[in-house]
Amino acid sequence: MPELRQNFFTKEWVIIATERAKRPEELAAHRAEQTLPSFVENCPFCPGNEGKTPPEVMRFPANNGEPWAVRVFPNKFAALVSDAQPTRNLQHLRRRVNGFGFHEVIVDSPDHSTCMALLPDVHVARILGVFKERYNALGMDHRINHVTIFKNHGADAGASLQHPHSQIIATPVIPSQVRHRMHEALRHYDDAGECMFCHMVEQECEDQTRIVLKSELFVAMEVFASATPFATHIFPLRHMASFGEITAAEISDLARVLRRTLAKIYVGLENPDLNFTIRSAPSDYVGARHFHWYVSVIPRLTRVAGFELGSGMFINTVLPEAAAEFLREVKVEKGVGTS
Ligand SMILES: [Zn+2]
Ligand SMILES: [Zn+2]
């Protein structure tokens with residue numbers, strides 16, 4: 001029988017359509033084997049082409065003879081620009097703010113052919129360290145109210161360049177989706193006297209049916225009321241509202257959990273396009289007791305259709321418990337990114 005499930009956090013309902021249920025492997029991308037070269041002469045993110053990007057904000061030096069390990073620079077085609085002022089303007093019901101903000105590109109590796117699922121854990125930790133540094137630096141600007149870190153992997157996920165990279169956008173406003181979620185989390189904290197995420201994580205770890213993998217400090221799980229197949233969340237076990245609070249030990253542990261999660265998706269679903277985002281509290285909420293940051297990994301396996309657009313309610317054809325079981329079984333210790 002189909003089932004409606006409500007997301008404990010967003011309060012959104014989804015339809016888990018078991019009548020149309022697909023076996024997880026039926027959704028695999030079946031992408032023709034594509035071997036990218038490790039260097040592309042006209043790629044602006046490849047080593048030697050540093051002059052084709054705007055001036056660097058920072059770089060993580062390499063120790064293996066490569067010119068660098070990770071690079072950060074402003075997006076050449078930035079959605080928002082840092083030389084505007086976030087002046088607000090209200091005319092009748094029309095509210096505007098000048099397009100102030102920061103939009104940076106993080107090149108994950110000098111190797112054009114790789115992706116995060118294939119990188120060594122220690123390199124993923126370097127990238128996460130760069131994320132933290134930029135996240136905190138941009139959040140320090142008093143004109144910035146929210147910082148989003150995200151990755152688009154593949155054309156269907158919005159990537160316009162193949163070279164592996166991540167992005168960070170810092171905005172002068174708090175997005176209404178974020179504000180709504182903060183309100184729900186605060187309401188739960190006021191009602192129950194606890195962080196709703198700490199409670200959920202504890203319950204999911206006990207229940208185990210949606211757990212993909214667990215380490216000492218993080219847990220990766222399928223979402224109970226998942227709007228799309230294989231939506232996977234990674235939570236720190238320690239309560240933290242802001243990603244900016246992550247410690248060095250937690251970065252190493254998250255690198256391993258994130259990389260293994262991405263590798264399971266890469267192997268099991270045959271390298272689907274995907275997005276991941278770090279969902280952190282707005283910049284001024286460091287230390288908040290009601291919110292808990294996490295990483296959201298969304299493989300792009302299905303398309304949004306009319307019902308979703310008309311209702312905001314999604315139909316998911318893969319049981320989250322079946323997706324979790326499927327990912328648990330995918331072996332990634334050997335063969336993929338084990339170096
Ligand atoms: Zn490249
Ligand atoms: Zn918590």
Pairs with Cβ under 8 Å, 6+ apart, first in region 160-172 and open to solvent by less than 10 Å² (accessible area, probe 1.4 Å) and away from ligand 1 (no atom under 16 Å from the Cβ), second in a strand (DSSP E or B) and polar (S, T, N, Q): Ile168/Thr148; Ala170/Thr148
Single match in Phe60, Phe73, Phe8, Phe45 (criterion: under 23 Å from the mean Cα position of the chain (by Cα), within 16 Å of ligand 2 (Cβ to nearest atom) and surrounded by 12 or more Cβ atoms within 10 Å (Cβ to Cβ)): Phe8
Tabulated pairs, region 197-209, first in contact (Cβ under 8 Å) with a residue 24 or more places away in the chain and over 20 Å from Arg181 (Cα atoms), second more than 13 Å from ligand 2 (Cβ to nearest atom) and open to solvent by less than 80 Å² (accessible area, probe 1.4 Å), C-beta under 8 angstrom, 6+ apart or interchain: Thr209/Glu321; Thr209/Ala324
Test for Arg59: is it within 16 Å of ligand 1 (Cβ to nearest atom), more than 24 Å from Gly154 (Cβ to Cβ) and in a strand (DSSP E or B): yes
Single residue of region 104-113 satisfying the filter (over 17 Å from the mean Cα position of the chain (by Cα) and open to solvent by less than 20 Å² (accessible area, probe 1.4 Å)) that is nearest to Lys151 (Cα to Cα): Ser109
Yes/no for Ala28 being touching a residue at least 60 places away in the same chain (Cβ under 8 Å) and in contact with a strand residue (DSSP E or B) (Cβ under 7 Å, 6 or more places away or on another chain): no
Of all residues in region 287-304 being free of Cβ contacts under 8 Å to residues at least 60 places away in the same chain and either within 16 Å of ligand 1 (Cβ to nearest atom) or within 9 Å of Ser242 (Cα to Cα) (or both), the one that is nearest to the chain's Cα centre (by Cα): Trp293
Some residue of region 78-101 being touching a Lys or Arg at 6+ places or on another chain (Cβ under 8 Å) and under 30 Å from Lys264 (Cβ atoms): no
Ser252 in contact with a helix residue (DSSP H, G or I) (Cβ under 8 Å, 6 or more places away or on another chain), polar (S, T, N, Q) and open to solvent by 20 Å² or more (accessible area, probe 1.4 Å): yes
Subset tally (residues that are outside any helix (DSSP H, G or I), open to solvent by less than 50 Å² (accessible area, probe 1.4 Å) and more than 12 Å from ligand 2 (Cβ to nearest atom)) for region 173-197: 1
Filter result for the condition that a residue is free of Cβ contacts under 8 Å to residues at least 60 places away in the same chain, closer than 13 Å to Pro164 by Cβ and assigned to a loop (DSSP other than H, G, I, E, B), over Ser38, Ser113, Ser109: Ser109
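The values are calculated or read from the model by the stated rules, or taken from the named source; none is laboratory data. All figures in this text were calculated on a predicted structure; none of them were measured in a lab. Ideal geometry is used to build each Cβ from the backbone, glycine not excepted, and the neighbour counts take in all protein chains shown. Surface areas here come from the heavy atoms of the whole protein model, side chains and all, with no ligands, DNA or RNA. Shrake-Rupley method; radii C 1.70, N 1.55, O 1.52, S 1.80 Å.
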